[in-house]
Each structure stands twice: as structure tokens, then as C-alpha cells.
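Below: the structure, in C-alpha cells.
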Amino acid sequence: MQAYLEEKIGNPDLFTGRKRELQKYLRWIESIADRNSRSMAILSRRKTGKTALMQRMYNILFHENGDVIPFYYEIREEKRWAIHFCKDFFLQFIFQYIAFKSRKAEYLRQPPPKDLSAVIDIVQKEGLDYLKDFIDQAAYLAKEENTSEMWDYVRDLPRGLASLRNEFFVQMIDEFQFLNSKIYRDEAMQNHIDDFAAGYFHTAEYKNAPLLVSGSWVGWLMDDLIMMLPARFTLTELESIPEEEAVEMAFKYAQVRGVPITEETAYMIADIGEGNPFYISAFFDSQSPDKDLTTKEGLIRVLEFETLNEGGIIKSGWMEYVKTAWTKINGRDARRIVLYLCHHRDRQVTRKELRKTLALDMDDQELETKLDSLVKSDIIEQGASNFRYQGVQDNIFDKVFRGVYAEEIETFDTGDISEDYRRMFEASEKKYRKLLGQTNQMKGAFAEYLIIRQLRFHAHRDNPRFLGMTENPPPDFRFVEYQSVWTYRYSPIEKRDFEIDVFARAPKGEYSIIGEVKNRSNRKFNKTEAAAFLEKTAALVDREEIEKSVGFIFSVKGFTKDAMAFMKAHGVAWSSDGRWLDA
Ligand SMILES: Nc1ncnc2c1ncn2[C@@H]1O[C@H](COP(=O)(O)OP(=O)(O)OP(=O)(O)O)[C@@H](O)[C@H]1O
Ligand SMILES: [Mg+2]
């Protein structure tokens, strides 16, 4: 995957899964060209991967070079004078547009010039002279220092340009809630503007440049959308990633970061991480001393470090957030409330119970306001009615919170948390064993990752052995050290289902491997499947410009006679030798 816009995720190979969401949002984006898509908001808990998804979609759309032009803008968490903000918004938009039109990604990476006349030179150089008037206009408004006119102008520009040129945009605006909290009317930043987002009341309705907004302060974001922009946005949620994607994510981080894991610990990381990409990645990025992700005990130690130690990524991530929330909410009572709800996480608690049990010295109105703020900050959840509340259903947040505040509030024993973790991992271990029993084939569930690992680390070191486990390779074939070995999935170019289980890219002159892995225990691989596979390999060869390759099918249960004849005739290699799955 080529990243045109730099992604926060870092190495683009790390991006895993989100298959369902990519399909859903890309289909929505495709419909913009038919004027069928209304603005959307992605609202979901913190660190579920909203930014990663939006940035990946940007790069997919840029790569596809289709009818809908992407615009991604992150509103920064810092105070800004409206004129500076608008100018930045304008320049980001113009430069992303120039990059898209000229197909030059360097425009996405270089900081735009501060001087707008320099921008005019650039648009002329790229043959986009029609942008000149817009730049002149923005320069004029910036000079006038009229904040509301300037905002009207730049905010409406994507839509206006779309109408004028008969083009389409998707405007992905991240950290949307900061529009109402970080922008100031005056350069000295004394007069805060609390309704900047309201400008979208009309802008967000146009179908030729709809918005896709998100942000990390979900509660506040939702408030802005409901109060200022009612019925303008379809609200959607980003769910946890499904188990199979979470396992894949663990294997990916393990390989990219060079941290060893086993099939069992990959499963446990995915399971304990509750499908949350932030938690899963934290295991691999953890600075925990003597980190060992190959045993259950090692995982427990890493998670304890991550949640209880100052140096933990998870702990510091959550605390930064919680502390900001305290400045909005204030008070020891709030902490006691959260702690109480954490302790009773399995049920909803009424305001009455909170007031009584915690002997809170405040009236119901005040308590409601406080609880409401906690809900907005994503630190507790609203229950089934306005009167009921619940701790967040997140096993890990709960421990971070208890670790920090239980001591302040009540006698505290960290041993409890360790015990909790032990129980969680033991339950996870049991689930894993059961899963293995069901697949009826030790390691079957993870076959493709095991084969990837073999190709990456072992096959090229022991050609005779691996060739001995492989039928029908080309006569001059050998395993080599591959440039990359990974699953090829939901690629930038293809939003429809296109999956290649294993793709090992070889250096020049050598055979790349395009592999399919079937781990089902009840049926042999048949000829129809082999033919479908062959078609897919041709598509991949074309798409990835692979000069020399061989198809390879691994099937736990073996192959039908027809399939073998077909593979023989078409030069496809195969195997059902269990040694391919040896760790
Ligand atoms: N699909 C993915 N594949 C691999 N890693 C991911 C994926 N999605 C998210 N991550 C990782 O999880 C972490 C959180 O992701 P991200 O910052 O995108 O979440 P977010 O929902 O935007 O968070 P916030 O609520 O803070 O805005 C990051 O470290 C990111 O690299
Ligand atoms: Mg984000």
C-alpha cells in the first residue's frame, strides 16, 4: 500500500482489517457521485481507530483517482485565531486538490507556503488557473480580518468548487468538536467562538461535497452535532474489530515490530484487547522491561505494566484524557462516582443509589449535570434511562482507573488487579483451547500466518526441506529472502472482496509466491476453486506488476484428483504437508 497522505499509524503495512467499514464508507463515498450520500459522523469510543480509517480511506481514494476527490482535515487541539485557522483550512484544501489533480503526492507532504501569491504560481504551473480567483478572494478576506466572512468563504469552498467544476468531494474532518472550542475571534485570543461548527448547518446538506466527521471527544462532538446541526448527519458507530481481524492485527504488529508471539498468545492479545486496535498495538509498542509476548505470564506482566505503570502507553493515553475531563468536571466526588461504577460495572446504577451510598453532598440537579459530563467525556456510560448510569464496558480502562484512584479513595490492593488479569487470561486460554478443538486441526485456525512465517524466516534457509514439502514447483524455482510477505487484502485499489492469503514478493529475477491457504477439515480443495484461484493470481500479477510468480495452494485436507490435474496443467504448486504449519 502506498501512503500518499502520511498516516498516523506509521508503517502503512500495519493497517489491518476494517473490512466491513471500508466497504460501507467507500460505497457511501462512491454514491456521492450520484448525489445520494448525506453527511455522516463516526461516533465511537476513544481510540477505536477512527483516524486510522479516515486516513486510509483518503489514500485509497487518492490512489483510485476516481470521481470523488478526498479532503482530509484535522482540527488541531490548540487555540487559534479564526483568520489563521481559516487560512490553514483553505491551504490544506487547495493543496490536497492540487495534489489530486496533478497526481503529485508531494503537495500533500510539503507545508504550503504562507504567502498566497506563491500558491498562485503553483496553480498556474499545474494548469489549474481557475483556482486563481479563489486564492485572490481568500487573500483579500484574510487581509480584511473579518472572521465570519472568511469562515463562510473557506468552509463553503469545497462545495462551491464542486458545483462550478461539476466535481465531487468528500470532506473528512477529524476532531470536529474543536471547531467550537479552539477558535478565537481576535488575534490576542481572548474572545472564544463557541458556534463555529454551526456554519455547517447549510454546507453539510449539499450532496456534492458531504462531510464525514469524527473526533476523539465523542460526547462533546455528539452534543455539537445534535444541538447545532440537527438532522444534518447520519450518526454511525465504529465497532470493535472482529476477532479474526484482531488476530491478524496481532500477527502484523508482531512482524512489523519484530516482536515474537505464538498462535496462542496472538489469540489472547486479540481477545484481551477486546478488538480495540489501541490495546492490541500497545502490547507490541510497550516499553515494559523484559517484554515477552510468547507466554501467558509474559502477557500478564506487559498488561500490568501498561495499565499500572507511569510508562505504560495505555495508562498514559487514558490518564491524559481523564485529566482533561477532570478540568471540565472537577472534584473528588466525580472520581468516587467513577470508581463506584467501575466496581459495579456489571449493572446499571441509579442516581439515587449513588447519592445515598456515596453520601454525596449535592442536589439531584447538580449530580445529573456532573454525571452528564462524565458520560460526555466517555468515562462512564448512560444506562437505559436518564436516571441510570454504568461503568464503561472496558476491562482495561477499568484497571487503569482503579490503579490510579482507588488508593486516593479507599484502601487499595494492586493484587486485586493482578488477580483480575490472571482470571481474564485463564478464561482466554480456555477459549483458545476450545477453538482449537473445534477446528479439529491443531494450528488450523492460524494456518495462513504460520505459512507466512515459514516463508519469511525459514524457507529460504532450507530449500531442500521446503521443496520436499511442495508439489509441482517450476523446475528453476527456489525459495528466497522475500521483500515482503503478507496477506493481500482489501487493497487500496479494490474495495470489493479481493483476498490473497499469502503474497510473498521476491527480489528481481526470482519467483514471487501467490498463495491460497485452506484450513477447513471437512472438504478437499476442488477444481472449481483452483480455477477461481488462478484467475485471482492473474489479477494480482496485473495489479502489482509482478514480473515472475508461481501460484501455491495449501490445503489441510488435500485436493481432489481434478484439482491436481488442473494445477499440474497450469503450473500451480501445492501442498498439504503439515510441516508447513510447524511453528
Ligand atoms: N485498522 C488498524 N490497523 C492497525 N492499527 C490500528 C488500526 N486502527 C487503529 N490502529 C491503531 O490504534 C491506535 C488508535 O487509533 P486511532 O488514533 O486511529 O483511533 P481514534 O479512534 O482516531 O482515536 P481518538 O479517539 O483518540 O481520536 C493507533 O495506535 C493506531 O495506530
Ligand atoms: Mg482520532
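The values are calculated or read from the model by the stated rules, or taken from the named source; none is laboratory data. Just so it is clear, the model here is predicted, and its values are computed rather than measured. Ideal geometry is used to build each Cβ from the backbone, glycine not excepted, and the neighbour counts take in all protein chains shown. In case anyone asks, the SASA skips ligands and DNA or RNA and just uses the protein heavy atoms, side chains included. Shrake-Rupley method; radii C 1.70, N 1.55, O 1.52, S 1.80 Å.
Would you say PHE134 is of a type outside the set (Asp, Glu), within 16 Å of ligand 2 (Cβ to nearest atom), more than 19 Å from ALA231 (Cα to Cα) and part of a helix (DSSP H, G or I)?
So PHE134 fails the test.
Contact annotation: residue pairs with Cβ atoms under 6 Å, 6 or more positions apart or on different chains, pairing a residue in segment 305-332 that is more than 21 Å from ASP292 (Cα to Cα) with a partner that is modelled with pLDDT under 85 and buried (at least 21 other Cβ atoms within 10 Å of the Cβ), are ALA325/SER377.
Of the residues ALA99, ALA105, ALA52, the single one that is within 16 Å of ligand 1 (Cβ to nearest atom), of a type in the set (A, V, I, L, M) and either open to solvent by less than 60 Å² (accessible area, probe 1.4 Å) or outside the structural domain of LEU141 (by TED's automatic domain parsing) (or both) is ALA52. For segment 208-218, the set of residues classified as open to solvent by 10 Å² or more (accessible area, probe 1.4 Å) and either under 24 Å from the mean Cα position of the chain (by Cα) or within 16 Å of ligand 2 (Cβ to nearest atom) (or both) consists of SER216, TRP217, VAL218, listed by residue number.
Among the candidates PRO492, PRO473, PRO507, which residue alone is part of a loop (DSSP other than H, G, I, E, B), modelled with pLDDT of 85 or more and either among the β-branched types (Val, Ile, Thr) or in contact with a helix residue (DSSP H, G or I) (Cβ under 7 Å, 6 or more places away or on another chain) (or both)?
Details: PRO492 fails: modelled with pLDDT of 85 or more; PRO507 fails: either among the β-branched types (Val, Ile, Thr) or in contact with a helix residue (DSSP H, G or I) (Cβ under 7 Å, 6 or more places away or on another chain) (or both).
Testing whether each residue is part of a loop (DSSP other than H, G, I, E, B), modelled with pLDDT of 85 or more and either among the β-branched types (Val, Ile, Thr) or in contact with a helix residue (DSSP H, G or I) (Cβ under 7 Å, 6 or more places away or on another chain) (or both) leaves just PRO473.
The residue of segment 50-89 that is nearest to LEU221 (Cα to Cα), among those that are of a type in the set (Ser, Thr, Tyr) and within 16 Å of the chain's Cα centre (by Cα), is THR51. Only one of these is closer than 26 Å to PHE233 by Cβ, among the β-branched types (Val, Ile, Thr) and in the same structural domain as LEU22 (by TED's automatic domain parsing): ILE60, ILE83. Name it. The unique qualifying residue is ILE60.
Scan segment 55-74 for residues that are within 16 Å of ligand 1 (Cβ to nearest atom) and closer than 13 Å to MET172 by Cα and the total you get is 8.
Would you point out the residue of segment 20-49, among those that are near ligand 1 (Cβ under 8 Å from one of its atoms) and open to solvent by 10 Å² or more (accessible area, probe 1.4 Å), that is nearest to the chain's Cα centre (by Cα)? Looking at residues that are near ligand 1 (Cβ under 8 Å from one of its atoms) and open to solvent by 10 Å² or more (accessible area, probe 1.4 Å), I get GLY49. Exactly one residue out of ALA41, ALA3 is aliphatic (A, V, I, L, M) and modelled with pLDDT under 90: that is ALA3.
You will find that of ILE500, ILE513, ILE553, ILE546, the residue that is in a loop (DSSP other than H, G, I, E, B) and of a type outside the set (S, T, N, Q) is ILE546 and no other.
Given LEU299, LEU293, which one is surrounded by 15 or more Cβ atoms within 10 Å (Cβ to Cβ) and either β-branched (Val, Ile, Thr) or assigned to a helix (DSSP H, G or I) (or both)? So the residue among LEU299, LEU293 that is surrounded by 15 or more Cβ atoms within 10 Å (Cβ to Cβ) and either β-branched (Val, Ile, Thr) or assigned to a helix (DSSP H, G or I) (or both) is LEU299. Does GLU77 satisfy the condition of being surrounded by fewer than 19 Cβ atoms within 10 Å (Cβ to Cβ), in contact with a Lys or Arg (Cβ under 8 Å, 6 or more places away or on another chain) and not basic (Lys, Arg)? Yes: the conditions hold for GLU77.
When you scan segment 177-196, do you find a residue that is charged (D, E, K, R), over 25 Å from the mean Cα position of the chain (by Cα) and surrounded by 21 or more Cβ atoms within 10 Å (Cβ to Cβ), even just one? For segment 177-196, residues charged (D, E, K, R), over 25 Å from the mean Cα position of the chain (by Cα) and surrounded by 21 or more Cβ atoms within 10 Å (Cβ to Cβ): absent. Across segment 59-74, which residue is nearest to ligand 2 (Cβ to nearest atom) among those that are over 21 Å from SER163 (Cα atoms) and open to solvent by less than 10 Å² (accessible area, probe 1.4 Å)? That would be ASN59. Count of segment 476-488 residues, restricted to those that are outside any loop (DSSP other than H, G, I, E, B) and aromatic (Phe, Trp, Tyr), is 2.
Have a look at GLU243, GLU263, GLU248 and point out the one that is surrounded by fewer than 17 Cβ atoms within 10 Å (Cβ to Cβ) and either within 23 Å of the chain's Cα centre (by Cα) or touching a residue at least 60 places away in the same chain (Cβ under 8 Å) (or both).
Only one candidate qualifies: GLU243.
If you go through segment 273-286 and keep only what is out of contact with any Asp or Glu (no Cβ under 6 Å at 6 or more places or on another chain) and either closer than 15 Å to TYR253 by Cα or buried (at least 21 other Cβ atoms within 10 Å of the Cβ) (or both), you end up with GLY273, GLY275, ASN276, PRO277, PHE278, TYR279, ILE280, SER281, PHE283, PHE284, ASP285.
To keep it simple, each residue is scored yes or no on (1) more than 28 Å from TYR97 (Cβ to Cβ); (2) among the small types (Gly, Ala, Ser); (3) within 16 Å of ligand 1 (Cβ to nearest atom).
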| residue | (1), (2), (3) |
| --- | --- |
| PHE169 | no, no, no |
| MET189 | yes, no, no |
| GLU205 | no, no, no |
| ALA209 | no, yes, no |
| ILE226 | yes, no, no |
| GLU237 | yes, no, yes |
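For beta carbons closer than 7 Å, sequence separation of 6+ or different chains, a first residue in segment 543-559 that is over 29 Å from LYS508 (Cα atoms) and a second that is open to solvent by 10 Å² or more (accessible area, probe 1.4 Å) and of a type in the set (A, V, I, L, M, F, W, C), the qualifying pairs are PHE559/TRP574.
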